[in-house]
Amino acid sequence: MKISVTIIAKNAQKHLSECLQSLSEFDEIILLDNESSDETREIAKSYPNVRIFSTEFIGFGAMKNLAISYAKNEWIFSIDSDEIAEPDLLEEIKNLKFKQNEIYAISRKNLYKNEWIKACGWYPDYVNRIFNKNFTKFNDNEVHESVTIPKNAKILRLDSHIKHYAYGSISQLSHKMEFYSTLWARNNAHKSATPLKAIVRSMWSFVRNYLFKKGFLYGYKGFIISFFNASGVLVKYMKLYELKTRENSVSLIITTYNQKESLRAVLDSTLRLNKMPSEILIADDGSKADTRELVESYKAKFHIPLIHIWHEDRGFRLSHIRNLAIDSANGEYIIIIDGDMILEPNFVSDHLEKAKKGVFLQGSRVILDEKVSKEILALTSQNGGNGLRENGGNNADNGGGSK
Ligand SMILES: Nc1nc2c(ncn2[C@@H]2O[C@H](COP(=O)(O)OP(=O)(O)O)[C@@H](O)[C@H]2O)c(=O)[nH]1
Ligand SMILES: [Mg+2]
């Protein structure tokens, strides 16, 4: 059959032979291996119609598209390594019309521990799997990927099935729940998430699958499947909620090198922030002991950790100490400033307002001349660290500060 089968696989030895065996009539099978450490590649090599490629994990959607890009035929049959094409499916595929705008959907028999589960929303479970690669492909979702449906597409449902070894154990259910919920939360930052929504949705998911979709007919298996489904819903929304409330995890990194007086002024300005970071790290490019003493003396003034990261003075090694500080930082969001930049009170809150995944935010600075700088530093040291309270306010009024 002049169709390219595409499979992405990771540690798929358990069902791969059966899978490939069921596909032996196809012209070629592209197997894209995602860093398997088991016998996946060896098994694949023993089938003459298989071509093996490799990738790291780049997301399920992107991996499926990468596999398609290696296919020599226009028509693609995308199947997973734990799925088996049933014999009558092959016959049905042979008789398809293969019009370019047609997408063929196949129903899956999903198995839990070798039992076909027809409840819990697991059946008929149509998935779009056969299509022309010049017409469509998968979306780039990291998880829960699907074939993009163009406007003029015609989706046709086939009568025969794919057998899917969906889950073989409770550990597998729980492991996948953990993996998929993390990916989902990372990819759905635009959605809203609150603890209440997480709880209500997950309870509804359980009731729907166990009662309305008749999970109870399958004894403990129906219960476990509904339970993990519901847990998945709870955990994915809660993970998203935690990501969204990441203002609790901002690391402010301040670089310094033997500039104790200005560092004091900078630390004073951080004490006046209207939104505190969750920690401050002083990235010290090898200052003498007096800087350490200054940092020590400030620790008690903060209710957040103030951490001194220091390496030996062996020349200008600012990038290195910055990287050390970034390595030690616990925050999800990192802000780096120099040890002579006095912050406006809204510095961190402004950042959080604009913070976006994949975006670097850059601020500008108001450069103070020597006279003003000296006055500020004199005030700071005179007042034992509190002298800048008013000056800082003036700076803010003038639109100054480093943001
Ligand atoms: N679980 C998992 N599967 C992967 C990964 N990379 C590739 N795969 C393959 O992706 C396909 C779908 O994975 P599977 O665990 O069966 O997910 P399901 O869609 O929940 O049934 C299978 O062919 C796997 O071998 C990975 O990092 N994790
Ligand atoms: Mg599977």
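Coordinate-derived values only; no laboratory data. These numbers come from a predicted model, not from an experiment. Ideal geometry is used to build each Cβ from the backbone, glycine not excepted, and the neighbour counts take in all protein chains shown.
Along segment 160-170 the Karplus relation, 6.51 cos²θ - 1.76 cosθ + 1.60 evaluated at θ = phi - 60°, assigns HN-Hα couplings of 8, 10, 10, 8, 10, 6, 5, 9, x, 6, 5 Hz to successive residues, with x for each Gly and Pro.
Evaluating 6.51 cos²θ - 1.76 cosθ + 1.60 at θ = phi - 60° for every residue in segment 255-268, the Karplus couplings come out as 7, 8, 7, 6, 9, 4, 5, 6, 4, 4, 5, 5, 5, 4 Hz, glycine and proline recorded as x. Rounded to the nearest Hz, the phi-derived 3J(HN,Hα) couplings of segment 57-68 under the Karplus curve 6.51 cos²θ - 1.76 cosθ + 1.60 (θ = phi - 60°) are 6, 10, x, 5, x, 5, 5, 5, 5, 5, 4, 4, where x marks glycine and proline. Is the shape of segment 170-245 rounded, prolate or oblate, going by the alpha carbon gyration tensor and its root eigenvalues a ≥ b ≥ c, with a/c under 1.5 for rounded and a/b larger than b/c for prolate? Judged from the Cα gyration tensor, segment 170-245 comes out oblate (a/c at least 1.5, b/c at or above a/b).
Filter the cross-link list Lys10/Lys109; Lys72/Lys118; Lys176/Lys357; Lys109/Lys357; Lys64/Lys354 down to pairs whose alpha-carbon distance in this structure exceeds 27 Å. Could the numbers behind the result be given before it?
Working: Lys10/Lys109 21 Å; Lys72/Lys118 36 Å; Lys176/Lys357 24 Å; Lys109/Lys357 38 Å; Lys64/Lys354 33 Å.
Result: Lys72/Lys118; Lys109/Lys357; Lys64/Lys354 exceed 27 Å.
Springs between Cα atoms under 10 Å define the GNM used for the chain, and in it the highest mean-square fluctuation of Leu368, Leu196, Leu156 occurs at Leu368.
Roughly speaking, what is the centre-to-centre gap between segment 227-288 and segment 153-208 when only Cα atoms are used, to the nearest Å? A separation of 32 Å, based on Cα centres.
What does the charge add up to near Lys299, with Lys and Arg as +1, Asp and Glu as -1, over the other residues with Cβ less than 15 Å from its Cβ? Intermediate values should be presented prior to the final figure.
Values: positive: Arg264, Arg292, Lys301; negative: Asp268, Glu279, Asp284, Glu293, Glu296.
Cβ neighbours under 15 Å give a net charge of -2.
Taking amide H positions as modeled 1.01 Å from N, with prolines and chain starts lacking one, the residues under 5 Å from Leu32 and 5 or more places away or on another chain are Ile7, Ile8, Ala9, Phe53. Scanning residues 5 or more positions from Glu102 or on other chains, those with amide H under 5 Å from its amide H are Lys154, with H placed 1.01 Å from N in the peptide plane. Here is the list for segment 1-105: trypsin sites (Lys or Arg not before Pro) lying in DSSP coil, each with at most 16 other C-beta atoms within 10 angstrom of its C-beta, are Lys2, Lys10, Lys72, Lys97, Lys99.
Close amide H contacts of Ala12 (hydrogens built in the peptide plane, cut-off under 5 Å, sequence separation of 5 or more or a different chain): Thr40.
Using only the Cα atoms of segment 4-167, build the gyration tensor, take square roots of its eigenvalues as a ≥ b ≥ c, and label the shape rounded, prolate or oblate: rounded if a/c is under 1.5, else prolate if a/b is larger than b/c, else oblate.
Details: a/c = 1.34, a/b = 1.12, b/c = 1.19.
Rounded.
A prolate overall shape is assigned to the chain, the ratio a/c of its alpha-carbon gyration tensor axes (a ≥ b ≥ c) being 1.5 or greater and a/b exceeding b/c. Rank Leu240, Leu173, Leu96 by mean-square fluctuation in a GNM of the chain with C-alpha springs under 10 angstrom and give only the top-ranked residue. Judging by the Gaussian network model, the answer is Leu96.
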